[in-house]
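Down below is the structure, laid out as structure tokens.
FYI, it's all coordinate maths here, none of it is from the lab. The structure presented is a predicted model; accordingly, all values stated were derived computationally and were not measured. Quick reminder, even Gly has a Cβ in these numbers, built from the backbone with ideal geometry, and neighbours come from all protein chains shown.
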Amino acid sequence: MLNKIILSAAVLAMAACAMPPAAEAPTAVATAAPKPIEITEASFGCIRDLKAVRGFYVGNLLGNIDATVAAANAANGATYPPGSVVQLVPGEAMVKHHPGYNAATKDWEFFELDALPTGTKIRVRGATDVVNQFGGNCLSCHAQAEAKWDMICEQTHGCAPIPVTPVMARAIQNTDPRCGKMELPADQLAALQQLMAFRAAAAKQAAPTGN
Ligand code: HEC
């Protein structure tokens, strides 16, 4: 009995070896994973060079910008295509990888960035463990968005709100140090002042004994 099993295994193995390699090649090509999307500091730039959609900006690192804009404008939500870049402010970004990057984040990678006059520095990047400068985990908020919105929060998709109002966001976008300078309307100037007060309060809370 044992001999018979070993024999049939050997026959199977031989049969497999006898398969012409040409027959296997097309299958291997069809199922090969796409090349991972390479994201570096050079992948980011002036936020206003991206496409404006409502209050935020989108781009696509693979050149598939039309599909990204279509996903952002889909009335009932859509899965963003690989390469999609989404930003509300210069200091944070979400970038969509190919399927298989991370199921928990629906293949989004989260970035905390330093937008400097000289370019962009990546402070933190990753999937489930990226925390913003106020101690909030990106995924914990963005995962609250209803499934159909593909983790995009905006104001009505089910995420806990952030203290950045739409006018503040506009003011931050319009003062991205990587972009050309522009005049700010009075409401955005006031919003920036409010934001600085909020940041100062947050910093004080983070270091209560500091002077
Ligand atoms: C406290 C919850 C919370 C945390 C933490 C958080 N976000 Fe958000 N994020 C939001 C909400 C709510 C919005 C929508 C704000 C609006 O449109 O007014 C948003 C907007 C965004 C957008 C624009 C697209 C969208 O979803 O509306 C991006 C990109 C983004 N956040 C990235 C990040 C990254 C990267 C991190 C971590 C470094 C992060 N966020 C941390 C709640 C959060």
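Scanning region 54-66 for residues being within 10 Å of the ligand (Cβ to nearest atom) and surrounded by 16 or more Cβ atoms within 10 Å (Cβ to Cβ) gives a total of 3.
One line per residue, one yes/no per condition, for (1) part of a loop (DSSP other than H, G, I, E, B); (2) among the charged types (D, E, K, R); (3) surrounded by fewer than 18 Cβ atoms within 10 Å (Cβ to Cβ):
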position: 68; (1), (2), (3): no, no, no
position: 89; (1), (2), (3): yes, no, no
position: 98; (1), (2), (3): yes, no, yes
position: 114; (1), (2), (3): no, yes, yes
position: 122; (1), (2), (3): no, no, yes
position: 133; (1), (2), (3): yes, no, yes
position: 141; (1), (2), (3): no, no, yes
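Only one of the listed residues (170, 178, 125) is farther than 17 Å from residue 114 by Cβ and of a type in the set (Lys, Arg). That residue is 170.
Taken together, the residues in region 88-127 that are of a type in the set (S, T, N, Q), more than 11 Å from the ligand (Cβ to nearest atom) and in contact (Cβ under 8 Å) with a residue 24 or more places away in the chain amount to 2.
Applying the condition of being touching a residue at least 40 places away in the same chain (Cβ under 8 Å), part of a helix (DSSP H, G or I) and out of contact with any helix residue (DSSP H, G or I) (no Cβ under 8 Å at 6 or more places or on another chain) to region 162-195 and asking which residue is farthest from residue 137 (Cα to Cα) yields 166. Residues that are more than 14 Å from the ligand (Cβ to nearest atom) and either assigned to a helix (DSSP H, G or I) or in contact with a Cys (Cβ under 9 Å, 6 or more places away or on another chain) (or both) within region 70-87 comprise just one, 70.
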